[in-house]
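Notes follow once the structure below has been shown.
Rule-based calculations on the coordinates, nothing more; no lab input. Just so it is clear, the model here is predicted, and its values are computed rather than measured. Neighbour counts run over all protein chains shown; Cβ positions are idealised from the backbone, glycine included.
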2 protein chains.
Amino acid sequence: MIKERLARLRREMEKRNIAVYLVPTADYHESEYVGEHFKARKYITGFTGSAGTAVVTRTEAGLWTDARYFLQAAGQLEGSGVTLYRMGEEGVPTLFEYLRSSLKEGEVLGFDGRVVNYALGRRLREIAEEKHGALAVEEDLVGLIWEDRPPLPPAKVFVLEEKYAGRSAAEKLADVRAVMAEKGADVHLLTSLYDIAWLLNVRGNDIDYVPVVLSYLALTKTECLWFVREEVLTPAVREHLAALGVETRPYDDFYAWAAGLEGVSVLLDPKVCNYRLCSSLSESVKVVSAPNPSALMKSIKNDTEAENTRRAHVKDAVAVCKFIHWVQKNVGKIPMSELSAAEYLADRRAEQEGFVELSFDTICAYGPHAAIMHYAPTPETDVPLQPEGFLLVDSGGHYLEGTTDITRTFTLGPVTEEMKRHFTMALRSHIDLAMVRFLYGCSGLNLDVVAREPLWQLGLDYKHGTGHGVGYLLNVHEGPNGFRWRESPERSEGHVLEAGMITTDEPGFYLEGRYGIRHESELLCRKGEKNEFGQFMYFEDITYVPIDLAAVIPEELTAPERRWLNDYHARVYELIGPRLDDEERAWLRDATRPI
Amino acid sequence: MIKERLARLRREMEKRNIAVYLVPTADYHESEYVGEHFKARKYITGFTGSAGTAVVTRTEAGLWTDARYFLQAAGQLEGSGVTLYRMGEEGVPTLFEYLRSSLKEGEVLGFDGRVVNYALGRRLREIAEEKHGALAVEEDLVGLIWEDRPPLPPAKVFVLEEKYAGRSAAEKLADVRAVMAEKGADVHLLTSLYDIAWLLNVRGNDIDYVPVVLSYLALTKTECLWFVREEVLTPAVREHLAALGVETRPYDDFYAWAAGLEGVSVLLDPKVCNYRLCSSLSESVKVVSAPNPSALMKSIKNDTEAENTRRAHVKDAVAVCKFIHWVQKNVGKIPMSELSAAEYLADRRAEQEGFVELSFDTICAYGPHAAIMHYAPTPETDVPLQPEGFLLVDSGGHYLEGTTDITRTFTLGPVTEEMKRHFTMALRSHIDLAMVRFLYGCSGLNLDVVAREPLWQLGLDYKHGTGHGVGYLLNVHEGPNGFRWRESPERSEGHVLEAGMITTDEPGFYLEGRYGIRHESELLCRKGEKNEFGQFMYFEDITYVPIDLAAVIPEELTAPERRWLNDYHARVYELIGPRLDDEERAWLRDATRPI
């Protein structure tokens, strides 16, 4: 089947004199998750993983993916005629190296310019130019041959009321226009779905786990054009848009409209906008390259959003507490697996008022599975839970009151002293960061070491960032804040920590083949004392689920760490206890006892 | 006298049609300290402080200086006709604002282009260009009218033997040429005196506290031209230079030589090179702007330099221990003041074998004086020491084996509980940074918060960096390493911490009008374990003087902090005890007792 699809793709390439065609994993909006309609790379290779890039030449086809997917990809590509390129392995050419060697003098490199961001597109153009060749970016060749392509999702848009959003869309538009004026921009082009949803106070359901609306936005000093499919708009939404002065245009008309701009100054973020948009702008357009103004604005939660998010976390904690209690009570007594436990948790969340959907695919990882980064159970990998060892559950929900992301690692039965030591060590990391006080002006770059030091002292580390920003009923991974000690130009997470930003605190420890531990809560950045030294800042922990004391070695915590943990548990019991049934409450009282 | 000097300067300005003349505090080499020959700003205003910029117009004269000098400058400028502009005070125009308003359309702004770095010079040029005027930078007008100008210093150059430098100048020249080749540079122009001294393995005595040689260097692939005054060279130095293939040229010929370069690629650091040099290069020259390659090289001490520096610190610690013992034993019994104590300390250092000179002006600050940043006693401010409170002494020496910089704050008698709490808090900062372990790739930007957190937890801070690099028998403030949480584009101290770098660890706490506390040692960065997580790094504390236990509250230290302090004190006693007399050794034994 794949061979036949590749043959049809090659015929289309042949017609257009395209020698090499590239198919990445992306939609037109640089979204973190990709809807079914956009899974062209899966269609053309058969590989279903969430990350990978396919390259098709006249005679070869290859797939580049990372270590998480080596096994899965090897299986799925077998007999397809697609070669697996294991990224990062010695002797394996990188994607760019392969393109350089396979593209010959004067040949054409093709891709759908909408699914490649401008930064990557420029690198590909350089490769074509080195060969005195050219790019072809106007057509989606996989789309041409794709029978039964899943349609764009039919989910209706809804208006996020001001009691949830805390600020009217009219005010937000005025704020963005003020930044445009500052930067001397006549037009602002916005392709990021998160930013559009935030700006217009609308949500949809076009991408799994992210309640956004496939669309583009063009903002001028006086006009606001929303390029969106008419069929997803309801009368209520139309009324909302009319009151805002937003005109709608067909989704597909965006590129032609943008290409028609002449002699104006256009604000856009080339890290987010796709290659086709950027390369189709007229030469007379002056591009003002800058982060989307809404990116910073939406990261700073207003008082309503902050208060709502606390409420969402209370609901979420009720669900997670019920879940942990249920697992610990029943494991070894009734059949239970990673998948069934994850389903039980999803059901508890769904019971909560205002629940919208899960905010990402639940990581419910037992034993050695927890040491595999990004593991999420599938029917193929699912294992039964036994009354021993650790279960790591990293999960979250979208509520009208905000988005949650929480990880708790808890015991299902006996654990060794070594496991407790590692659990306590990672807990120290978690607490030390949560306790930090700092002068305004610090970023996650400054503070990350506070979390890592307990592990670094022992020559250990965790190979992931310590935390990421969280959206409000939007993407669970939101910039521009985060905790990471190494600056990374592709990531946007080094911003000064502003009051109102929400960032996860999720250090961990992983022993390959044995177990994994991670403690994750969300921290709301707040203003503290202002004095002669400056504005002090601190974090409010807004996640309310106990840390499993069965795995904590109290003597290995410092006095302030122990005090913090006891205070935290007292707050958890106070907030969550009244919302549980008697049996659960008794469990919670014990789980939050002072140590 | 100042009025008469200003009148003569204005006559020279008039002759050249210069409307506004600027006189900063600098030499031709962006040195941190300025020799007498270069103190033109002091000559033209009468103000003797270490920082300030004078501006002279046809009718006005002004001096810009910072808060440290407001009192002193007000006194010294009285009756001079020079207006004091208090930098940072509300309503006081900045230097640039003043220049913008006083320079009229088409007028000429003048300064000696050798005492203004290229970055500042470009800003001044912009101001002149805004007014369609011009710059005049070729002449030193203060020099023209300056009778009895102190000559350039006559200090002889000496060769730093390889047993001290650890690496031959020939090898260093080859290393720098390798970087030139990498960057495609034909010529490297070096004006930084520290870099020249390091590169040629020579030292001099042309600037107080910095054993360098006034000179310029031009390096090509095959030639090395040293622009230096012939009279400071000895036969031994000539022999050293001849063996290296270094040709000497007159100091003053450098600009003409550089201006004669045509069609070559020149590597230079525009943050360090002066305006006259940069602006006199031919248009056919391609400038490769980059930090001087020697800046990073000299910051990474080789094994010989590191071992020598440990030895220098042993000698230095003997001097400081003798001093502290003497002060504590005799205060209240014999007359003693900040200045006389500082002299006693200087004498103890001078007794040490291989001592060259002090590495900076000793800060010996008693009581409230210690809360004044950069305070150094003068006959006017000197106060007697009493048997109570804290004495803060920040001092250091240059030895053939390296440069030291140490601060100890110690009790002269009773101190309050509050003073002890602050002393212990700042000590925690000092110890926590010294104890840190980290993955290779961290810079001081990442680690600074470790030192600040004990103060930040209490809403307190110290308004200075936590640490700076230290040269080897060179500048006591050396880049590109340092500890500072906020990035600052003018400073060069955010480099990744490399094994061999030496950085001070000097947090403090200051209560205006009452007292100041600072604990400073030098930390040598070293490689620790390398494992699956990366290369771990740690610091070796190479300063060997006890922390005054009379002001430490043991219960306020964590167990690891207390352990660190006891281990540190045991090492101090072991290394320094054998080098003291019996009475001093008994004192040291008590001062280093475990707590």
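Here are a few things to note about the model shown:
- Charge dipole (chain A, unit charges on Cβ, about Cα centre) - positive-most of A:Ala426, A:Leu580, A:Val92: A:Val92
- Helical mean residue ellipticity (222 nm; -39500 (n - 2.57) per DSSP H run of 4+; nearest 500) of chain B: -10500 deg cm²/dmol
- Seen from B:Gly204, the other residues with C-beta closer than 11 Å to its C-beta sum to a net charge of +2, counting Lys and Arg as +1 and Asp and Glu as -1.
- Taken over chain B, the convex hull of the Cα atoms encloses 168 Å³ per residue.
- Charge tally around B:Leu549: other residues with Cβ under 14 Å, Lys/Arg +1 each, Asp/Glu -1 each, net 0.
- Positive minus negative residues near B:Ser280 (Lys, Arg vs Asp, Glu; Cβ under 12 Å): 0
- A Cβ-based charge dipole, computed about the Cα centre of region B:390-444 with Lys and Arg at +1 and Asp and Glu at -1, lands at about 200 debye.
- Whole-angstrom gap from region B:441-481 to region B:240-266, using each part's C-alpha centre: 38 Å
- Remark: the protein assembly as shown carries a charge dipole of roughly 560 debye about the Cα centre, counting +1 on each Lys and Arg Cβ and -1 on each Asp and Glu Cβ.
- Partner lysines whose Cα lies under 24 Å from the Cα of B:Lys15, excluding those fewer than 8 positions away in the same chain, are identified as B:Lys3, B:Lys39, B:Lys42, B:Lys104, B:Lys131.
- Considering only Cα atoms, the convex hull volume of region B:207-352 works out to 182 Å³ per residue.
- For region A:1-78: rounded, prolate or oblate by the Cα gyration tensor [a/c cutoff 1.5]: oblate
- Residue (of A:Gly500, B:Gly35, A:Met336) at the positive-pole extreme of the protein assembly as shown, dipole from beta-carbon charges: B:Gly35
- Paramagnetic reach from B:Arg167 in region B:301-318 [backbone N under 16 Å; point 7 Å along Cα→Cβ]: B:301-309
- The charge dipole of region A:38-193, taken about its Cα centre with unit charges on the Cβ of Lys, Arg, Asp and Glu (plus for the first two, minus for the last two), comes to roughly 340 debye.
- Karplus-derived 3J(HN,Hα), 6.51/-1.76/1.60, for each residue of region A:518-526, Hz, glycine and proline x: 8, 10, 10, 10, 9, 10, 8, 6, 9
- One decimal place: the segment A:Ala290-A:Ala559 gains 92.3 nm when fully extended, by the rule 0.36 nm per residue minus the C-alpha distance.
- Distance from the alpha carbon centroid of region B:59-90 to that of region B:531-550 works out to 44 angstrom.
- Bridging of B:Lys221 to lysines at a Cα separation below 18 Å is possible for B:Lys172, B:Lys183, B:Lys286, once same-chain residues fewer than 8 apart are set aside.
- Above 42 Å, the calculated P(r) of the protein assembly as shown contains 54 percent of its Cα-Cα pairs.
- Take every pair of alpha-carbon atoms less than 8 Å apart whose residues are at least six positions apart; their mean separation over the length of region A:309-416 yields a relative contact order of 32 percent.
- Chain B: relative contact order as a whole-number percent, Cα under 8 Å and 6+ apart: 11 percent
- Between B:Leu458 and A:Phe96, the simple spin-label model (points 7 angstrom out along Cα→Cβ) gives 5.1 nm.
- Approximate spin-label separation A:Ala67-B:Ala74, in nm, with each point projected 7 Å along Cα-to-Cβ: 6.5 nm
- Shape call, region B:438-580: gyration tensor on alpha carbons, a/c limit 1.5: rounded
- Distance from region B:374-422 to region B:292-335 (C-alpha centre basis), Å: 15 Å
- Counting Cα-Cα pairs of region B:78-215 in 5 Å increments starting at 0 gives whole-percent bin shares of 2, 8, 11, 12, 14, 13, 13, 10, 9, 6, 3, 0, 0.
- Compactness of region B:339-402 was expressed as the Cα radius of gyration divided by 2.2 N^0.38 Å, which yields 1.19.
- Mean separation of Cα pairs under 8 Å and 6 or more residues apart, divided by the residue count, gives region A:1-57 a relative contact order of 42 percent.
- Nearest-0.05 FRET efficiency for B:Arg123 and B:Glu36, computed from C-beta distance (R0 25 Å): 0.35
- Charge dipole of region B:248-318 about the Cα centre (unit charges at C-beta), most positive-ward option of B:Tyr275, B:Thr309, B:Trp257: B:Thr309
- Taking the label point 7 Å along Cα→Cβ, A:Gly143 and its counterparts in the other copies are spaced 7.0 nm apart, in ascending order.
- Using alpha-carbon coordinates, inclination of helix B:118-130 to the longest axis of chain B, degrees: 40 degrees
- Label-point separation in nm, B:Arg514 to B:Trp257, each point 7 Å along Cα→Cβ: 5.8 nm
- Within a straight-line Cα-Cα reach of under 24 Å, B:Lys463 can be paired with the following lysines, leaving aside sequence neighbours fewer than 8 residues apart in one chain: A:Lys527, A:Lys530, B:Lys420.
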